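What follows is calculated from the coordinates using simple rules that are stated; it is not laboratory data. On a predicted model such as this, the values are computed, not experimentally measured, just so you know. Don't worry about glycine lacking a Cβ; one is built from the backbone with ideal geometry, like all the others, and counts go over all protein chains shown.
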Amino acid sequence: MTTKRLAIYILIISPFLFSCGHLSAQDIHFSQFFQSPLLLNPALCGQFTGSYRVGINQRTQWRSVTTPFSTFAFGADANNITLPDGIFNSEDGNYQELPFHGGISVYSDKAGDSQLKTTGVNLMAAQQFKVPFDEKASLHAGAMLGFTTMRIDYSKLTYDSQWNGVNYDPNLPVETFPRAQRGYLNLNLGATYARPIDDKQSFTAGISLYNLSRPKQSFFDEGYVKLDTRFNLHGSYTYKYTNELTFEPMLLLMRQGKYTEFNIGGLAHYTLSEKPWARNGLYGGIFLRAKDSGFFMAGLQYGSWNAAVSYDVNTSSLKPASNGRGGLEFSLLHTFSKFPRKQNAKTCPNYM
């Protein structure tokens, strides 16, 4: 890659970095960010080898500190949506392939003593574009529109008004609040840039902006309490050291309001056998989260299945309470291969 070309790449991404300006609670996300692509960047929708992909993620956190936080997510996306013959076209014996990727993401999160539950449903679409100055590269852009609901259970809490001067009395009246639930629409955008360097190396970089609509999130109907925009910058580099061993360092920078999270680490893949769209092998890695924690993980790829488990180790100021323990996380992805196209065939008479 020439210095001039690298400078052009930097010029492309720089406006996104500086346009974030002031980004003033954090969105739901997983440590295994590379195993939950639809929550990382809408442009990653449809970016895989195959026809359809489905995946689930589950995380349990802070079990030793308080009521465990539990998060579950489901995602499904299609690489150039393929429809059965005859839905929007005349029956010609072939499947109909739409010129864009589509997907859906659903998540549910329950947190704390109040059982604060957040549920989101997101629809997304992405498109691939050619890069004029580099025919080997590909550029993807995606958009995601979602609806999120938040619900809190005040009956699970205790209040100062329930102290009778001697002890706690649950029969005393409790505080009242304007609302116990809220719903809002949300808009998210993203873009990714991918390029093979040679037959052994490639890299991918992406940027995404979430909560562009800045929805209200206060249960007290205070309009100035809005969900901050989240900025993601992520990248990965793949190096095929041998036919069996591949290294994949990666990073993720997230910024939302006053919260900044920086993850850096990598995976090592050991391939047992490989097909054009599926691979059998093992992988594992270690990641560090600056000033907060780190996690280690192990995974298995078997044909079109990809499963992984990871565990967070807390290193922040919460360590004395958490005993260094963080969250246990699981992920499972399944990719469906490309459907074979039907072939038109002539029916011959019996006597031929």
- Item | Rounded FRET efficiency, nearest 0.05, which uses the C-beta distance separating residue 176 from residue 286 and R0 of 51 Å | 0.55
- Query: What is the order of 56, 207, fewest Cβ neighbours within 10 Å to most?
  - Reply: 56, 207
- Task: Could you size up the charge dipole of the range 38-336 around its Cα centre, putting +1 on the beta carbon of Lys and Arg and -1 on that of Asp and Glu, and report it in debye to the nearest 20?
- Result: 640 debye
- Task: Mind checking which of 287, 105, 188 is farthest towards the positive end of the range 38-336's charge dipole, using Cβ charges of +1 (Lys, Arg) and -1 (Asp, Glu) about the Cα centre?
- Result: 287
- Task: Fewest Cβ neighbours within 10 Å first, please rank 195, 289, 214 accordingly.
- Result: 214, 195, 289
- For the range 228-301 and the range 175-207, write down the distance between their C-alpha centroids in whole Å. 16 Å
- Note on the structure: Of the residues 47, 74, 211, the Cα lying farthest along the dipole of the range 38-336 towards its positive end, which is defined by charges on the beta carbon of Lys, Arg, Asp and Glu, belongs to 211
- Task: Can you check what the net charge comes to around residue 247, using other residues whose Cβ is under 13 Å from the Cβ of residue 247 (Lys, Arg +1; Asp, Glu -1)?
- Result: 0
- Task: Give the relative contact order (percent, whole number) for the range 38-336; include only Cα pairs under 8 Å separated by 6+ residues.
- Result: 15 percent
